[in-house]
Structure formats: C-alpha cells, structure tokens
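Take a look at the structure below.
The values are calculated or read from the model by the stated rules, or taken from the named source; none is laboratory data. Here the structure is a predicted model, which means the values were calculated and not measured. Here the Cβ positions follow ideal geometry from the backbone for every residue, glycine too, while neighbour counts run over all protein chains shown.
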Amino acid sequence: MRVDKWKLIGVTVSALVTTGCELAGVWVFGRITDDVLTTGILAALIPLALFWLGAAILGGAAQFVGSWLSASAAEGFVARLRDHVFGHVVRLSPGTIDRMEHGDLIARLTDDVEEVEEIVGSGPVRAVSSVLGVVSFGVAALILRWELALLTFAAAPVLWFAARRFSRRIGAVADDERRTNGAVTAVVEESVSAVALVQAYNREDLVTGRVASAGGRWARIRIAQARLSGAYGPLVSVVETLCVLAIVGVGAWEIGAGRLTLGGLLTFAGLISYLYPPVQSLGHLALSLASARAAGERVTELLDTAPEVTDGARRLGAVRGDLELCSVGYRYPGATRDALRGLSLHVPAGRTVAVVGPSGAGKSTLTKLLLRYADPASGRLLLDGVDLRDLSLDALRDNVTLLPQETTILHGTVRENIAFGRPGVTDAEIVAAAVAADADAFVRRLPDGYDTVLGDRGRFLSGGQRQRVAIARALVRDAPVLVLDEPTTGLDAAAVRRLLGPLRRLMAGRTTVLITHDLRLAAEADRVVTLGGDLGKGSRPLVTESA
Ligand code: ADP
C-alpha cells in the first residue's frame, strides 16, 4: 500500500476538509436562525447563505475527491495483491492445486483478497476520519455548551455498543451467507457439468432437489441478514430521537432562562447529529477488521504454500535431449505405497521409448517427474547428464514439450491456441505447424478459419481434431524432448490412423517418451518398456523391455 501513500494522505486531508465544512454549515445554520429568522432582518441572510453554499460546495468537492482517491487506492491494492497471490498459485505444482478445493481457492483469490484491503486501506482511513469526526464535533459541542454536551455524550457508548453487537451478528451471518452462496454455486456447477449423466439416469429430481435445498438455506440466511440490518437502523434512530428530545427539553429550559439562543440550540443539535455516525462507524470497524484479518490469514496461508519443487539455477545451452532415469522412486503425499519404484531408463537423444503397462503402473507419474511437477523420492532424472533438480524450471520446461492425456483447448481462437506453444511465434509458423499436424484443412473449413473462437474446452471440435490442434501447439514449441501421455486415448481406429502421420512428424528427431496403450503407436518406438503393476508385492521386475 506504500506506493499509494499520497492517495491515502489525500483521503485524510479531504476528510479533514469535509469535516470542517460540515462544522461551518452547522455553525452558519445557527447564525441564520439567530440573526435572520428570529430578527426578521433579511439583508443579513445573503452573506450567511453564500458562506453556507460555499462550505457545502467545498465540502462536497472534498468528499468527491476523497472517495475517488480512496477507491483508486483500494482497488489498486486489491488488483496488486490478487496478481501477487495468483502469480504464486500458478507456480505451485499441479498436484498441490489439485488437492485444494477449487471453490475455496477462487474465494481466496476474490472475496478474501478484497477484504484484506480493509486492513491496510479503507479500515485505517475510516478510523482516521471517524476519530476526526468524533473529536471535532465533540469538541465543538463541548465549547458550545459543555453541560449539554456531557449529557448527550452519555448516548455515545450505547450507540457504540449497539453497533458492535449488531455488527458481530451481521458479520457471522455474512460469513454464513458467503458459505451457502458458495455451496449453491458448487451444486449448480456440478449438476450442469454432469447434465448428460443426470438425464441418462433420470436423476433430474435429485439435482434439482440439491439445488433447491442449498438455495433454500441461502434464502433463509439472506432473510436473517435483512432482519438484522433492518432492526439496527430503527434502533439507532430511537436512541437518537431520545437524545434529541433530551437536548430539546434541556435546551428549552435554558432558552427560557436566557442562557441559550434558539440558534445556539439548533447548532448544538446539528453537531450531535454529525457526532453519532462516526461513533457507530468506529463500532463497526473493530468487527470488519476482525473479519478482514481472517481473510488475511486465508490469503497468507495460500502464499505460505510452498511449491513442491525448488527452482534450480543451471541453464542449458543447446540441449541434445539425452534422457536418463536412475532408479527413480516416487510416492504421492499421503499415499501408502509407491507409485514408482526403482525405475531406470535411458532414452538416447533423438530416440523414442514407448512406455506401456497396466493402469496404475505409474506411467502418468513418470510424466509428472519428467516435467518436474514433483521430484522423485529416490533416484535421479538427468537431461544431458544434468540432474533436473539442478536446472532452472524455465530451462527444463523450455526444452520439454508435454502432450497431456487430456487435451486442453483454451478459450480463444485456433490461432491463439496454437500460438500458446511459444511466445512470439509467427503466423507462417502457426500454419506450417497446423499443416504438419494435419489440422490445417479442417481449421480452414471452420466459420472464421484460424480466427474461429473455440468454445470452452474446445467443445465444438471432435476428439481427434482437438488432439491435432494440440500437436500443432506442440510442434511450434520445437523443444528437443517430447513427453506424450496416451495421445490416442478415447479416439477410434480411424482417428488414430489420422493421428499417426502428425505424431511421427512431431516425434521426428526428438527424444520422446511415449506413454501408450496402443500397440500401433508403440510400434513407432525404438524400444518398448513395460512398467509393472502391483508394486505392493515388490517381487516382480518393475521394468521389462522388448526390442
Ligand atoms: P498410470 O498412469 O500408469 O495409470 P499413475 O501414474 O496415474 O498410473 O498412478 C500410479 C499410482 O499412483 C497408482 O497406484 C495411483 O493410484 C497412484 N496415484 C496417482 N495419482 C495420485 C495422487 N494424486 N495421489 C495419490 N496417489 C496417486
């Protein structure tokens, strides 16, 4: 927030000016009562009215500038904090992010980040301007009639206490509201994404019931919320009315005794009406700071989550792509058995090794280690003889291209999806890659060709087409090492046949680890390695090879 120090100082100065103008307004109102309304001398009105108008305009302008500055400081902070936290999250290992609840993660990056602002920005600003208000109006009231002032100050603790009590309950209900709102979103999201299954199994009633029950809970909490804030306003105004009545009562007596003018009484009442709102605001403040602190803790927890792997320092010049695994073992956090154990494997530069094996044998785990989403518990992985842990993550990943099992199509045009492979890639390179990936022809038939916006997750493309876009994306990367994780999953025989050419062009001259179930694809490899399943017994050889 330090970068916005001047904005915060500006906000405080404008609060000062606004308070001063309000004070002047109250004072001039009393003067008008005494000098114009009571005496009937209209000529005296003009200068007083002009003064009042001036004070109102200046106060209004200060208020405008103050709220503008404070919004700009606050929103700037929220944006910076979110960028910072998101920048951290996006560098965490995919496994770590998978273990987080996504709804909760989103809440931390949106609501929580916003609330933290309260601690460093709006909270202190509000505290300063409230204290300023309480002190100025209180002191002015004391100067005007100290006995009367002391009498009305008695109500301040009542208001402060009421504000605290109410805001505590309102805060608790607001927490409930956020949680149930999140639950509604989660239920709707899950039901919508599973809508095909829901219809096929005739379970519409089940999901509508779930949404209705979450929605009902939310509605009840919203009503409770409205009831609470609805009760607070009237309660405060009853207390304020009591105070005004006391002032008028005592004031009338004082006026009768000639110790106070009507203008003096009205000025006093005006001061008191400006005094109470900042008192209440201070009452709310403690609570909103407490909830902002809780939000701050949730954000810090995210920032304290360390990436599973630490960045190495070594960079590589021209990578040949010689890949070697020396007795590599890995166990997932919290798992009771190893996902990989004692795996040794050498893939000479430019060669292809197919990795086959039953489900659960550790094939996908191997890809995670190759990309360094995680480090092996034992053994080493070497690229051109350098331990992956010694390499900088950027250097490693610049040299390794992953074609994941699930093709990810990002929301955007075909061109953007292919260009995602490498920053700064030219249009000609994109088209060349699409041609090599056998994607060019179908892309040109799309309504806007390369500029066709692909829907969420590429829903408008067939599985084979998605995979060919992914191959084009991998081709523009042009990295020496390639990791293919079941590139033909879910494709029929014809689609697999179409994919063979593009895949061959992708693998040509690159060190390739090809994970596959598909025998036709495995036949493309120089060597086939079978990962053994059933690691529990430990009696079977983990790796068998065939030429
Ligand atoms: P494959 O890709 O050969 O089917 P995986 O590498 O996905 O096998 O899994 C290897 C083993 O690790 C399996 O026993 C699986 O249950 C376990 N495993 C995979 N992912 C996780 C995970 N995120 N947490 C815990 N265990 C996992």
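Among 111, 98, 104, which is in a helix (DSSP H, G or I), within 16 Å of the ligand (Cβ to nearest atom) and modelled with pLDDT under 90? Before the answer, list the steps.
Working: 111 fails: within 16 Å of the ligand (Cβ to nearest atom); 104 fails: within 16 Å of the ligand (Cβ to nearest atom).
Sole residue among the options that is in a helix (DSSP H, G or I), within 16 Å of the ligand (Cβ to nearest atom) and modelled with pLDDT under 90: 98.
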For this session: Scan the strands (runs of 3 or more DSSP E) fully inside segment 318-367 and keep the ones with 3 or more residues being free of Cβ contacts under 8 Å to residues at least 60 places away in the same chain and more than 13 Å from the ligand (Cβ to nearest atom).
Result: 323-330
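Do we have residue 376 as within 20 Å of residue 339 (Cβ to Cβ) and without any contact (Cβ under 8 Å) to a residue 60 or more places away in the chain here?
Numbers: within 20 Å of residue 339 (Cβ to Cβ): yes; without any contact (Cβ under 8 Å) to a residue 60 or more places away in the chain: yes.
Yes.
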Exercise. Do the conditions hold for residue 158, that is, is it among the β-branched types (Val, Ile, Thr), surrounded by 14 or more Cβ atoms within 10 Å (Cβ to Cβ) and either closer than 21 Å to residue 281 by Cβ or out of contact with any Asp or Glu (no Cβ under 9 Å at 6 or more places or on another chain) (or both)?
Worked result: yes
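Can you confirm whether residue 312 is modelled with pLDDT under 90, within 16 Å of the ligand (Cβ to nearest atom) and of a type in the set (Gly, Ala, Ser)? Write out each step before concluding.
On the way: modelled with pLDDT under 90: yes; within 16 Å of the ligand (Cβ to nearest atom): no; of a type in the set (Gly, Ala, Ser): yes.
Against the criterion (modelled with pLDDT under 90, within 16 Å of the ligand (Cβ to nearest atom) and of a type in the set (Gly, Ala, Ser)), residue 312 does not qualify.
Can you tell me which residue is surrounded by the fewest Cβ atoms within 10 Å (Cβ to Cβ) among those in segment 368-414 that are at positive phi, assigned to a loop (DSSP other than H, G, I, E, B) and away from the ligand (no atom under 16 Å from the Cβ)?
So the residue we want is 385.
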For this session: Scan segment 326-376 for residues that are under 20 Å from residue 403 (Cα atoms) and basic (Lys, Arg) and jot them down.
Result: 351, 363, 368, 372
Seminar exercise, completed: Taking segment 421-441 and keeping only residues that are more than 18 Å from residue 505 (Cα to Cα) and out of contact with any helix residue (DSSP H, G or I) (no Cβ under 6 Å at 6 or more places or on another chain), one is left with 423, 424, 426, 427
For this session: Would you tally the residues in segment 415-443 being outside any helix (DSSP H, G or I) and among the basic types (Lys, Arg)?
Result: 1
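Only one residue in 252, 269, 257, 214 is over 30 Å from residue 127 (Cα atoms) and surrounded by 18 or more Cβ atoms within 10 Å (Cβ to Cβ), so which one is that?
Numbers: 252 fails: surrounded by 18 or more Cβ atoms within 10 Å (Cβ to Cβ); 269 fails: over 30 Å from residue 127 (Cα atoms); 257 fails: surrounded by 18 or more Cβ atoms within 10 Å (Cβ to Cβ).
The unique qualifying residue is 214.
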Seminar exercise, completed: Flagged in segment 79-95 as in a loop (DSSP other than H, G, I, E, B) and among the hydrophobic types (A, V, I, L, M, F, W, C), in numbering order, are 90, 92
Exercise. Considering segment 447-489 alone, what residues qualify as being under 31 Å from the mean Cα position of the chain (by Cα) and among the small types (Gly, Ala, Ser)?
Worked result: 455, 458, 470, 474
